[in-house]
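The values are calculated or read from the model by the stated rules, or taken from the named source; none is laboratory data. The shown structure was predicted, so the numbers you read here are calculated from the model rather than taken from an experiment. Neighbour counts run over all protein chains shown; Cβ positions are idealised from the backbone, glycine included.
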Amino acid sequence: MKTAVSVVFAFLSVIVFSTVAFAKGPSGKVLFQKNCASCHANGGNMDNPEYTLHKKDLLKHGVRTVNGIVGKMRHPGPGMPSFSKQMIPDAQAKEIARYILKTFNK
């Protein structure tokens, strides 16, 4: 009986953990490529080279955190389109922001 319970528990654990892993959604990299890379290829800025996604420029403009990047996505300056919560939900916007901070950290 113990063996049967152990097998059932193991089976259910695999199902639960697999569902959680697949439920996460697209990665920050995939979301960045879909929504941002056309203007911010390699962390640059095709419209205004002073506003890149590289750490030195983010810091220069007071953007230091995931929430800071999401704020700029929601309420950007001139030349950048706004990305509403309907266009990019908060969870995805935060994935993009984490990707930016990790990838363009030089």
### Options 80, 87; residue that is at pLDDT below 95, in a loop (DSSP other than H, G, I, E, B), among the aliphatic types (A, V, I, L, M) and at negative phi
80
### Query
Which condition breaks for residue 77 when tested against (1) loosely packed, with under 13 Cβ neighbours inside 10 Å; (2) under 16 Å from residue 100 (Cα atoms); (3) in contact (Cβ under 8 Å) with a residue 12 or more places away in the chain?
(2)
### Query
Given the residues 27, 38, which is the only one that is closer than 18 Å to residue 93 by Cβ, surrounded by fewer than 12 Cβ atoms within 10 Å (Cβ to Cβ) and modelled with pLDDT of 95 or more?
38
### Message
One residue is enough: does the stretch 47-55 have a residue meeting the conditions modelled with pLDDT of 95 or more, surrounded by fewer than 11 Cβ atoms within 10 Å (Cβ to Cβ), out of contact with any Leu (no Cβ under 8 Å at 6 or more places or on another chain) and in a loop (DSSP other than H, G, I, E, B)?
### Response
no
### Matching residues, the stretch 32-71, being closer than 19 Å to residue 102 by Cβ and among the small types (Gly, Ala, Ser)
37, 41, 43, 44, 68, 71
